Amino acid sequence: MKESIFDHIIHGGDYNPDQWIDTPEIWDEDMRLMNLAHVNSATVGIFAWGMLEPEEGVYNFEWMDKLLDMLHKNGKDVILATPSGARPNWLAQKYPEVLRVEESGIRNEYGVRHNHCLTSPIYREKVRSINRLLAERYKDHPAVKMWHISNEYCGECHCELCQEAFREWLKKEYHNSLDELNFKWWNGFWSHQVTDWSQINSPKFRGENHVSAMKLAWKRFVSESHISFFENEIAPLKEITPNIPITTNFMKMYDGINYQDFAKKLDLVSWDNYPAWDKGNNENEALDTAFVHDAFRTMGGGKPFFMMESTPSLVNWHDVNKLPRPNRQALSAIQAVAHGADSVQYFQWRKSRGGHEKFHGAVVDHCGHENTRVFKEVSTLGENLEKLSNVVGEHCNSKVAIICDWENGWAVKSFCGYNNLQRDYYHECTKWYATFWKKGISVDIIAMDDDYSKYDLVIAPFLYMLKEGTISRIESYVKNGGNFLATYLSGIVDKDDLCFLGGFPGNELKDVFGIWVEETDSLPEGMKNVVEYKGKEYDAINFCDILHSKGADVLATYKQDFYSETPAVTENNYGKGKAYYTAFANKGDFFEDFSNSLINEHNIAPDTDIKAEDGISIRKRGNTIFVMNFADTEKELVLDKEYINLITNEKISGKVTLSVCEYLVIE
Ligand code: GAL
């Protein structure tokens, strides 16, 4: 299936010529260099509010007019940003309420960026009005192809306006009933009954921070505040430019906003990709990044997404900013396209001369010319991307899904009990993802309330919290022939962190899985149990559920401690499908072997028949196959038939060796 806004891969990035307003020759030089670098797009105006409105109500759009015309004349698409991510000094000085109040209760002074209240009516109004002016002025500009809303929405504000908004949000959530809230928050515990809405404040270190249901409510409120801030921002844009698509750049698996909800509001999902290459295990970094690409692609309903930012060389915000080795960033860019991106974009086009990010990688360095390793790599990549237009708009088809649900992530983090140190939910999901990634099997990363019916296999690691409707969704999926795997500590609480009564996993899930989990053992670092599965022993670490089969087949048992010989892995036939339960955490070797058993049992074929050594990742998108070497040594693969190398346009078959960071794109 094909679906796309552009007919070519977007290659470009953040461009801030407003920092070079007094040197027009640099603007001219940028056009020459962009052409040389095969750059076809520029994202402009992200932090330009101070230039667009130097004083309240005094506007200066002429430089932007000139810039857009110049980019258009040079054949570049423009992604036009709204500037709410950083406000001018005058605005904060005149309206202090726009500045954020931290958890300490102290209002921040002016400074940095993203430092704004999400509720402030004044800030929302100011943002709407600058956005309206941008939309009115550029609605018919032929270069403008997309809106880039603000920048990396993040953080939270604890000011009085936000406290009041939180209380209002709670009233809606709990039907204006304090009895309901007190019940759902189990406020009889420690005498925390709320008798007036005004007693509720945001969770704080020095205040209420032991009511996990309240912490979850605050997370939901903050997330929805970001989304409503966004809706406020886009209102004038949707009115004036209804045909220009809208995106905002997300940050990896940032947990402050429910991206799975937010994504539903976007015309296209985009994210900023900054892996820590060449600083440790590159294969793990590649696996991790692949997972995130798949998560964002899935959030956009499977449509292509944008890699809105990446660095063409190093960053400046690691403790130590190692240079990635030659061609690493090109490989990283190809990985994004392989997983469904229709863009390769950089932060940033040209290094700023001063300011906080002057040592951050850029396509054009302070030397100002094209004779650099980084510039040459970017141009070669740009040239290669031009040969891959076929892939634009192509979806990826996945028969396997992993549930990695934002709200469950919040819940897993916030409860107190069992093993309080090992709660890396997202990492647990990537451990299950690893086998499929290594085998070249496409996986979608879904939320618990997404549709499961199109998948042959759904894996739900550590699905501790179940939102309303999830139990029946799992039940009917399995009943109708689906295969569902849940792991330890799944089905424990509802959306308000209230435990299910009557045994775990909650309610009907005991029948679906054919088990009852009676206790959970937690193992401190260094301690383990052992599980035997198909004659092989595996370490059980961190968490071990102790369970009874109520009809499920026992596939593996523990071998140590007082629960030796009790079930550790079960399989239950339910309706036309199967429900599996793996009761323990593991470093990954068991997950790999068990996933392989499921792959064989359910005939889940890799997306291609190419055989490759470990360290090579293979991805298919449409008819195009991407083969990428993420290992630190050269690796071999054997092509199953003759292909065309889309970069060289030559035929290729048989045994192929890929050097470090080398990739092949074939059809
Ligand atoms: C991103 C941000 C950019 C730039 C970049 C540096 O998170 O959106 O504006 O700061 O980091 O890596």
Note, the range 8-21: 3J(HN,Hα) by Karplus (6.51, -1.76, 1.60, θ = phi - 60°), whole Hz, Gly/Pro = x, goes 9, 6, 6, 10, x, x, 5, 10, 10, x, 4, 6, 10, 5
Computed for the chain: size of charge dipole around the Cα centre, +1 on C-beta of each Lys and Arg, -1 on C-beta of each Asp and Glu, debye to nearest 20, value 500 debye
Only helices counted: for the chain, with every DSSP H run of 4 or more residues adding -39500 (n - 2.57) and the sum spread over all residues, [θ] at 222 nm is -9500 deg cm²/dmol
As straight-line cross-link partners of K576, the qualifying lysines (C-alpha separation under 20 Å, not fewer than 8 residues apart within one chain) are K399, K454, K479, K510, K550
Residues whose built amide H sits under 5 Å from the amide H of H11, excluding neighbours closer than 5 in sequence, are N40, S41, V344
Counting only DSSP beta bridges fully inside the chain, the antiparallel percentage to nearest 5 is 55 percent
In order over the range 454-464: 3J(HN,Hα) from phi, Karplus 6.51/-1.76/1.60, θ = phi - 60°, whole Hz, x for each Gly or Pro, gives 7, 9, 7, 8, 10, 10, 10, x, 6, 7, 5
The orientation-averaged projected area of the Cα convex hull of the chain, in nm², is 30.2 nm²
On each of the three principal axes the extent of the alpha-carbon atoms of the range 1-143, given in whole Å and largest first, is 50, 46, 28
Residues meeting the amide H criterion for K252 (H placed from the backbone, H to H distance under 5 Å, 5 or more places apart or on another chain) are D272
Diffusion coefficient in µm²/s returned for the range 1-67 by Stokes-Einstein, Kirkwood Rh over C-alpha pairs, 25 °C and 0.890 mPa s, is 178 µm²/s
Filtered hits (aspartates and glutamates, Cα-Cα < 20 Å from K204, offset >= 8 within chain) -> E102, E103, E156, E160, E164, E168, D196, E224, D255, E407, D496, D497
Per principal axis, largest first, the Cα atoms of the range 510-667 extend in Å by 62, 41, 23
Note, the range 418-433: 3J(HN,Hα) by Karplus (6.51, -1.76, 1.60, θ = phi - 60°), whole Hz, Gly/Pro = x, goes 6, 8, 7, 9, 9, 10, 7, 4, 5, 5, 4, 5, 5, 5, 6, 5
Per the charge dipole of the chain (beta-carbon charges, Lys/Arg positive, Asp/Glu negative, Cα centre), the residue among S442, Y477, I625 reaching farthest to the positive end is I625
The lysines whose Cα lies under 16 Å from the Cα of K635, excluding any fewer than 8 residues away in the same chain, are K438, K439, K611, K655
Residues meeting the amide H criterion for F504 (H placed from the backbone, H to H distance under 5 Å, 5 or more places apart or on another chain) are V517
Taking the reciprocal of mean 1/r across every pair of different Cα atoms in the range 410-487, the Kirkwood radius in Å is 13.9 Å
Taking 21-30, 397-406, 85-94 and ranking on average Cβ neighbours within 10 Å, highest first, one gets 397-406, 85-94, 21-30
Mean accessible area per residue over the range 378-446 (1.4 angstrom probe, all protein chains present, square angstrom) is 33 Å²
Computed Rg/Rh for the range 605-667 (Cα atoms; Rh = Kirkwood radius) stands at 0.92
Mean accessible area per residue over the range 40-118 (1.4 angstrom probe, all protein chains present, square angstrom) is 41 Å²
Ranked output for segments 436-449, 194-207 by mean other Cβ atoms within 10 Å, highest leading, reads 436-449, 194-207
A correct Stokes-Einstein calculation for the range 443-565, using the alpha-carbon Kirkwood radius, 10 °C and 1.306 mPa s, returns a whole-number D in µm² s⁻¹ of 102 µm²/s
Once the dipole of the chain is set up from charges on Cβ (+1 Lys and Arg, -1 Asp and Glu), the residue from the list G577, V660, N232 lying farthest towards its positive end is N232
Given Cβ charges of +1 for Lys and Arg and -1 for Asp and Glu, the option among G361, Y425, L509 whose Cα lies farthest towards the positive end of the dipole of the chain is G361
Over all viewing directions the Cα convex hull of the range 181-220 casts an average projected area in nm² of 2.8 nm²
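The values are calculated or read from the model by the stated rules, or taken from the named source; none is laboratory data. Note that this is a predicted model, so its numbers are computed, not measured. Quick reminder, even Gly has a Cβ in these numbers, built from the backbone with ideal geometry, and neighbours come from all protein chains shown. For the accessible areas, the whole protein counts, side chains as well, though only heavy atoms, and no ligand, DNA or RNA atoms are used. Shrake-Rupley method; radii C 1.70, N 1.55, O 1.52, S 1.80 Å.
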